[in-house]
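The structure under discussion appears below in the form of structure tokens.
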């Protein structure tokens with residue numbers, strides 16, 4: 001589909017995505033539509049401005065020297081991050097760079113195709129889906145009726161917390177070499 005629409009990106013992964021309802025993983029309007037679907041059902045949803053209107057005040061002029069100081073050679077269309085905020089270079093001329101901090105889809109109507117592939121029912125399936133979602137190497141076993149993720153190697157505490165926020169019952173252990 002992405003190739004047909006001319007928006008295919010080789011760096012993007014395509015296919016089913018894990019969505020946990022009520023955890024703000026997707027736009028609220030899409031979550032409401034997903035709740036209505038059963039496994040195997042699909043629906044097309046058109047949303048007007050799901051990322052808000054384009055705001056002219058989010059377009060800034062920044063000195064080219066700021067970029068060069070940071071060893072960045074800005075070119076139009078280049079995605080960048082300034083002080084932790086994502087943006088896109090719009091134009092470069094006369095020692096000045098015009099940068100747009102609007103979301104790339106701000107002000108646009110977006111069409112989503114939703115399909116519920118599977119509803120995960122048991123804790124083991126849910127924990128396995130989470131480690132895949134976060135790109136973690138490990139194995140899930142059930143211990144004392146709770147999922148335990150046996151990690152190949154230790155992961156940051158923040159990542160463990162993010163997983164436990166999504167699935168509070170999960171525990172962690174690291175495999176011994």
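The values are calculated or read from the model by the stated rules, or taken from the named source; none is laboratory data. Model, not experiment: these values are computed from the prediction. Cβ: placed from backbone, ideal geometry, glycine included. Neighbour counts: every protein chain shown.
Scan segment 115-137 for residues that are without any contact (Cβ under 8 Å) to a residue 24 or more places away in the chain, surrounded by 11 or more Cβ atoms within 10 Å (Cβ to Cβ) and under 27 Å from residue 45 (Cα atoms) and jot them down. Across segment 115-137, the qualifying residue is only 120.
Being over 24 Å from residue 23 (Cα atoms) and either surrounded by 13 or more Cβ atoms within 10 Å (Cβ to Cβ) or touching a residue at least 40 places away in the same chain (Cβ under 8 Å) (or both) is a description that does not apply to residue 175. Entry remark, segment 44-53: residues being over 23 Å from residue 89 (Cβ atoms) and part of a loop (DSSP other than H, G, I, E, B) number 2 in total.
Restricting attention to segment 21-43, the residues being surrounded by fewer than 10 Cβ atoms within 10 Å (Cβ to Cβ) and either in contact with a strand residue (DSSP E or B) (Cβ under 7 Å, 6 or more places away or on another chain) or not in a helix (DSSP H, G or I) (or both) number 5.
Answer with yes or no whether residue 68 is out of contact with any strand residue (DSSP E or B) (no Cβ under 6 Å at 6 or more places or on another chain) and modelled with pLDDT under 95. Judged against the criteria, residue 68 is a match. In the set (1) touching a helix residue (DSSP H, G or I) at 6+ places or on another chain (Cβ under 8 Å); (2) over 19 Å from residue 104 (Cα atoms); (3) at pLDDT 95 or above, residue 44 fails one condition alone, (1). Restricted to segment 138-163, and to residues that are touching a residue at least 24 places away in the same chain (Cβ under 8 Å) and not in a strand (DSSP E or B), which residue is surrounded by the most Cβ atoms within 10 Å (Cβ to Cβ)? It comes out as 163.
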